[in-house]
Amino acid sequence: MTLPPEIDPEVGPSGPGCVECGADGGWWFHLRRCASCGHIGCCDSSPAQHASAHAAAAGHPIIRSYEPGEAWFWDYRTQNLAEGPDLAPPQHHPLDQTVPGPADRVPDDWADRLH
């Protein structure tokens, strides 16, 4: 497989959760990993939608799911699934991390706050 230039399989993830939600005390529904730089952001169903904001700001159009059991890639330019290689580990957030998460910041009405 020829790798798109937007994918760097050697870069590890930025951490176990959304970088921006972690910094501002927010919470997320699902996590996405930038295939270019490893930035972990929250999905578009999450209140803050940090993964797509990162893609637009950084010009990094391809993400991969950062959820256990999911290995799909998404290309924001085409709005379609994309192909990609295995990325540097870990492949997903810690198994003991809640979804949504982090557990201590998820409001009781979290489902009503999803996009």
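Laboratory data are not the source of any read-out in this text; all were calculated from the coordinates shown. Keep in mind the model is a prediction, meaning the values are calculated, not measured. Using ideal geometry, Cβ is built from the backbone for each residue, glycine included, and neighbour counts are taken over all protein chains shown.
Annotations for the structure displayed:
- Simple rule: put +1 on each Lys or Arg Cβ and -1 on each Asp or Glu Cβ in the chain, find the dipole, and look at Thr78, Cys34, Cys21; the Cα lying farthest toward the positive end is Thr78.
- Where a label projected 7 Å from the Cα of Asn80 along Cα→Cβ would reach, residues of the range 1-35 with amide N under 20 Å: 1-7, 35
- If you look at the Cα atoms of the range 19-106, you get an Rg and a Dmax of 12.3, 36 Å.
- Trypsin sites (Lys or Arg not before Pro) restricted to the range 7-115 and DSSP loop, no more than 12 other C-beta within 10 Å: Arg77
- Percent RCO, i.e. relative contact order, over the range 19-106, from Cα pairs under 8 Å lying at least 6 residues apart: 27 percent
- Relative exposure of Leu95, Leu87, Leu31, judged by other C-beta atoms within 10 Å (fewest first): Leu95, Leu87, Leu31
- In terms of Cα atoms, the Rg and Dmax of the range 1-69 work out to 11.5, 40 Å.
- Cβ crowding within 10 Å ranks Glu70, Glu6 as Glu70, Glu6, fewest other Cβ atoms first.
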